[in-house]
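What follows is a single structure, written as structure tokens, with notes after it.
Each reported figure results from applying straightforward, stated rules to the coordinates on display, with no laboratory input. Every value quoted in this text rests on a predicted model; they were computed, and no experiment measured them. Don't worry about glycine lacking a Cβ; one is built from the backbone with ideal geometry, like all the others, and counts go over all protein chains shown.
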Amino acid sequence: MTVLDRWIDSLTSAATTALARRTDRRGFLARTAVVGSALSVGPVSFLTRPGTAYAAVCGTDSTCRSGYTVFCATVNGGVNRCPPGSLVGGWWKSDGSGYCCGSARYYIDCHSYCSCGCSGGRKFCGEGCRSCSCGCGPGGQCDQRRVCCNEFRYGQCNQHVSCTGPVWCRVVTCTPPWRIPAWGCTTTSATDQRTGAHGAPALQDCTAIGSRYTALGGPGGFLGEQRTPEQRTPGDTGVYQHFDGGSIYFSGATGAHAVAGAVRETWARLGWEAELGFPTTDELPVPGDRGRFQHFQRGSVYWSPETGAHAVRGAVRDAWARSGWEAGPLGFPVTSERETPDRRGRYNHFAGSASIYWTPSTGAQVVRGAVRDTWAALGWEAGPLGYPVTSEQETPDRRGRFSHFERGSVYWSPSTSAHAVLGAVRDRWRRSGWEAGPLGYPTTDEAAVPGTDGRSSNFEGGSVYWSPATGAQVVVDPVRRAWLDGGGASGPLGFPTGELEDSGAGERTQRFQRGTAVVRAGGEVVLRPA
């Protein structure tokens, strides 16, 4: 700067100081002919010279005498929005502001509403009609600029309202005001570079959250206006800010991401970042735009119109991911992850008639379709089968599907439907070759044998009967038909103690607790009680 420049700047500063002491702000603007600038008054005090710590926090012209209006964040609980009872009356900008990371910074004048009209051709209502009272910013901090005093209006916003109160406070945004429908602003621009250095303790300078907010459209985007200032999360692990339409959360490990709508509601119910961790993505559409999802450090939340929003995490989420996420056979989750009643495990139900159950000893396993229905009918994990130890699989012959459980299995085929096989009966069936052996697929669930302490299951090629005294034995036709016609295990022969074997002379024999069944060469069966 030349000596002449410095002299002109000094002279201008002295002149504006004198004007500011002798007139109100509106008059000062008119007298200095700074067209389109509502805040072009006041000197830079010695405390707010560039480079001082005070200026870094408070900016220039921060006293009440400067004639500038206070920031809304200072008088509105740290929230950078127009207070209730005010309306947006106009705007101007300052280019190259640090607040907006070097982009244009927009100042929004929030005017008081009037409870009564303006009289005598005035554009501003009297003291008794305003939502606020003229004064200075709160003491004890540096933004002590004027509150509800300055009677002037740029007029690019809410032009249908002709009578207002004075400027209550100023909002700062990095989003052009005409892009914010609720504010009702035109694109007519005004610029005042001197206000670009104004600051206040409650305003955040170019933060990760602020930058993300601006990138998402600021007050004109889906998040809308601020509801809280930026705040530290419990435990000081990150920073967050709530808005009318959602929140932005930031941590050093995850960056800043927005959370909104039903996904945010589910995340909030689960304890915010304390449970699922910080978001690692913004909310995104699933392929085909059938729903939305968001990933977090320790899980994900998926939403669709039919299922709502539910959280999936840990090993359950990993198993669901391996199955193809929502595009796989399980579909969207219909519950968030829950603890099982016995507190041994956790589970999620899914839209595709499927569930994933997990325990530390069994891992996460998928159970679905008719196999799941049978397991559910038997009492889920609290029933005789216990927890699944395999996910549902296709049988080697490709005729059916099955899942193994802690104490049994459920097998399904189109012709036999789904049936549970348990304990010693299942062990005997397994030794015979499962469904690939002579017994084939089960055709009934395992059931108690009436009048006895035994159990049985029927299969395509025979039955397996068990009692504590005899163990598990296979009974096949034609012995099975004749034995059942004679009363079965409750009849005179009792339970089988062996299986059908050749006895010579073309005959086959099977022993029972109280007798023998003999199959003669022609196929006739003779029951011989002991």
Name the trypsin sites (Lys or Arg not before Pro) in segment 83-152 that are in a loop by DSSP and that have at most 14 other C-beta atoms within 10 Å, would you?
Arg122, Lys123
Long-range amide H partners of Lys93, meaning residues 5 or more apart or on another chain whose placed amide H is closer than 5 Å, are Tyr107, Ala190, Thr191, Asp192
At 4 °C and 1.567 mPa s, the Stokes-Einstein diffusion coefficient in µm²/s for the chain, with hydrodynamic radius from the Kirkwood sum on alpha carbon pairs, is 44 µm²/s
Local electrostatic count, Val259, Cβ distance below 14 Å [Lys/Arg +1, Asp/Glu -1]
-1
Which of Ser457, Cys125, Pro478 sits closest to the plus end of the dipole of the chain, meaning its Cα is farthest towards the positive end, when Lys and Arg get +1 and Asp and Glu get -1 on the C-beta?
Cys125
Given the candidates Thr362, Ser304, Ala377, the one whose Cα lies deepest towards the positive end of the charge dipole of segment 304-438, counting +1 at each Lys or Arg C-beta and -1 at each Asp or Glu C-beta, is Thr362
Projecting the Cα atoms of Pro176, Pro492, Pro166 onto the charge dipole of the chain, where Lys and Arg contribute +1 and Asp and Glu -1 at Cβ, the residue farthest towards the positive end is Pro166
Under a Cβ-Cβ cut-off of 14 Å, what is the net charge of the residues other than Phe495 that fall near it, where Lys and Arg count +1 and Asp and Glu count -1?
+3
Lys, Arg +1 and Asp, Glu -1 on Cβ, resulting dipole of segment 186-319 about Cα centre, debye, nearest 20:
180 debye
Quick one: Karplus J couplings for segment 331-344, per residue in order, coefficients 6.51, -1.76, 1.60, θ = phi - 60°, nearest Hz, x for Gly and Pro?
x, 6, x, 10, 9, 6, 4, 10, 8, 6, x, 7, 6, 7
If each part is reduced to its alpha-carbon centroid, segment 55-116 and segment 481-530 end up apart, in Å, by 98 Å
So if I place +1 on the C-beta of Lys and Arg and -1 on the C-beta of Asp and Glu, and nothing else carries charge, what would the dipole magnitude of segment 296-372 be about its Cα centre? I want it in debye, nearest 20.
220 debye
Between segment 386-443 and segment 288-356, how many Å separate their Cα centres?
27 Å
In the chain, what percentage of the DSSP-assigned beta bridges are antiparallel, given to the nearest 5?
95 percent
Quick one: putting +1 on the C-beta of Lys and Arg, -1 on the C-beta of Asp and Glu, what dipole do you get for the chain around its Cα centre, in Debye to the nearest 20?
1720 debye
Using only helices, what value at 222 nm comes out for the chain when you add -39,500 (n - 2.57) per DSSP H run of length 4 or more and divide by the total residues, to the nearest 500 deg cm²/dmol?
-5000 deg cm²/dmol
Global geometry of segment 477-530, whether rounded, prolate or oblate, following the gyration tensor of its Cα atoms and the 1.5 cut on a/c
prolate
Give me a comma-separated list of calculated 3J(HN,Hα) values for segment 74-79, in order, Karplus coefficients 6.51, -1.76, 1.60 applied at θ = phi - 60°, integers in Hz, x for any Gly or Pro.
6, 10, 10, x, x, 9
Give me a comma-separated list of calculated 3J(HN,Hα) values for segment 399-408, in order, Karplus coefficients 6.51, -1.76, 1.60 applied at θ = phi - 60°, integers in Hz, x for any Gly or Pro.
7, x, 9, 7, 9, 9, 10, 4, 10, x
